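Let me begin by presenting the structure, written as structure tokens, before commenting on it.
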Amino acid sequence: MAEQRGAEQGFDLAVLGAGPGGYVAAIRAAQLGMKVAVVEKSATLGGTCLNVGCMPSKALLHASEMFEEAAHSFAKMGVSVPAPKLDLPAMMNFKQQGIDGNVKGVEFLMKKNKIDVFFGKGKILGAGKVEVSGGDGKSQLVETKNIVIATGSDIARLKGIEIDEKRIVSSTGALSLDKVPGKLLIIGAGVIGLELGSVWHRLGSEVTVVEFLDRILPGMDGEIARQFQRILEKQGFKFRLGAKVTAVDTSGKTLAAKVEPAAGGAQETLEADVVLVCIGRVPYTEGLGLKEAGVALDDRGRVRIDPHFSTNVKGIYAIGDVVAGPMLAHKAEDEGVACAEIIAGKAGHVNYDVIPGVVYTTPEVSSVGKTEEELKQAGIAYTSGKFPFTANGRSKVNQTTDGFVKVLADAKTDRVLGVHIIGIEAGEMIHEAAVLMEFGGAAEDLARTCHAHPTRSEAIKEASLAVGKRAIHM
């Protein structure tokens, strides 16, 4: 047992985890007048998202896109530049500057809101008690009225394939490679794998993606996923769908991955310099003392909560990746705000029908609400309107015409049930649909809202017009 430093008393709330869900919950609770503590096991605040996830990956996506633009797109616009040279250490420094800036921003917010931060591993000893074990072997007790578990998620591992973060890497290692792999093999065709594959493909890697299912981007609208796969293949991605990697031989100079059909069959060997394991994420509950404290988990290892984020133990709540729902930073943030408000006796709420999702590749893919597959499965009668960027004036003059917008509306009420976009800046465009859906708006409302010309967002208006079969520009 670690040496006890003494107890810190009198907190209204202790939050385990300083990622987007945790630090946002802490800030909202402090705004509502609570005395708040945050416990973080890493040396920096911000969690996976700010340190080894969302933010650094966006820095590399942006930098690699600029590299590719300079190499392939400038000349056709009449901008003549020498062939760009890659300075990978400088690009990694650009990424690190972004991480540092965001982490310092969270540190500032903790100080501004008078939130006490405890660095160390948190363990729940029961309602109202959290033990924090520091790296120095000493521990201290944090006594609090309420606890929020916001510990997030960890990388999912593949049995028999050992991640060393050098040649066989997770998303963490893939953000810090010291050279561009000649051949990159990605296991898993989800959001993270396709984003990181895009980074290294632009910088010169030959990318092959192996996916167990017969499609990419599980959970996304099927039509969008099919179009996106065609675009990535045109860019140079290779896909092995309905396949699985059963082993990776690390004995040679290059890695040898054994690949076979998901349903069983003849095995083939694919060579790679780096293998990226990207098969999803799992809730982080290890060492939190949940079993001993009597906190119930569901059959997938997530903390079980009621509609008010409360666990089965009074005074202990949970939010974010560690509970059910999409593992998205913005979902965790909204839950953090709602949970803090509920603890304060207010009416916190999250609308899970309006949580946007974005794939930050080029082009981007964005989605909010139901897919066509979900509507069919639920037996909901719907109408669909589509508009391609080939018919959008701004996209034409910029020669960025890949993709389309699709609006799905209730056949009886015209209420918008889902919007799906593939195209440049799709991640920024999705939010007008999200706002409309929050207010229960109809496709007609979107269609009759004046949009600035020329913008890509006009494609959303046109797709909404197409729901009523009256698109103007096609």
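Remarks
- Relative contact order %, the chain, counting alpha carbon pairs below 8 Å whose residues are six or more apart: 14 percent
- Only aspartates and glutamates eight or more places from K376 in sequence, or on another chain, were considered; those with a Cα closer than 13 Å are D221, D410.
- Highest-first packing order for the peptide set 346-355, 46-55 is 46-55, 346-355, based on the mean count of other beta carbon atoms within 10 Å.
- Positive-end residue of A466, V81, I422, charge dipole of the chain with Cβ unit charges: V81
- Relative contact order for segment 9-67, counting Cα pairs under 8 Å that sit 6 or more residues apart, in percent: 34 percent
- Reachable aspartates and glutamates from K95, criterion Cα separation under 16 angstrom, eight or more residues apart if same chain: E65, D87, D178, E195
- When both segment 228-287 and segment 374-416 are represented by their alpha-carbon centers, they are found 32 Å apart.
- Segment R226-E143, length gained on full extension (0.36 nm per residue, minus Cα span): 24.6 nm
- In this Cβ point-charge picture (+1 for Lys and Arg, -1 for Asp and Glu), the chain has a dipole of about 180 debye about its Cα centre.
- C-alpha long axis of helix 329-343 to longest principal axis of the chain, angle in °: 40 degrees
- Of all accessible heavy-atom area on segment 297-360, the percent that carbon and sulfur account for (1.4 Å): 49 percent
- The share of accessible area on segment 86-178 that comes from carbon and sulfur is 52 percent, using a 1.4 angstrom probe.
- A protection proxy built from the mean count of other Cβ atoms within 10 Å ranks the segments 217-223, 435-441, most packed first, as 217-223, 435-441.
- Of the residues A263, T250, V322, the one whose Cα sits farthest towards the positive end of the charge dipole of segment 233-327 is V322 (charges of +1 on Lys and Arg Cβ, -1 on Asp and Glu Cβ, taken about the Cα centre).
- Lys, Arg +1 and Asp, Glu -1 on Cβ, resulting dipole of segment 245-337 about Cα centre, debye, nearest 20: 240 debye
- Highest-first packing order for the peptide set 126-135, 185-194 is 185-194, 126-135, based on the mean count of other beta carbon atoms within 10 Å.
- Under the Karplus curve 6.51 cos²θ - 1.76 cosθ + 1.60, θ = phi - 60°, whole-Hz ³J(HN,Hα) for segment 40-45, x wherever Gly or Pro sits: 10, 6, 7, 7, 10, 7
- Taking every DSSP helix (H) stretch of at least 4 residues in the chain, weighting each as -39,500 (n - 2.57) and dividing the sum by the residue count yields a mean residue ellipticity at 222 nm of -9500 deg cm²/dmol.
- Dipole of the chain [Lys/Arg +1, Asp/Glu -1 at C-beta], most positive-end residue of V169, V368, G122: V368
- Cα long-axis angle, helix 88-112 against the chain (0 to 90 degrees, to the nearest 10): 50 degrees
- For segment 154-238: rounded, prolate or oblate by the Cα gyration tensor [a/c cutoff 1.5]: oblate
- With 20 Å as the limit on Cα-Cα distance, the pairs of K166/K253; K238/K258; K331/K386; K121/K346; K138/K314; K114/K331 that go past it are K331/K386; K121/K346; K138/K314; K114/K331.
- Based on protein heavy atoms only, the chain ends up with 47 Å² per residue of surface accessible to a 1.4 Å probe.
The values are calculated or read from the model by the stated rules, or taken from the named source; none is laboratory data. As the structure is a computational prediction, the values presented were derived from the model and not from experiment. Neighbour counts run over all protein chains shown; Cβ positions are idealised from the backbone, glycine included. Only protein heavy atoms, including side chains, enter the accessible area calculation; ligands, DNA and RNA are left aside. Shrake-Rupley method; radii C 1.70, N 1.55, O 1.52, S 1.80 Å.
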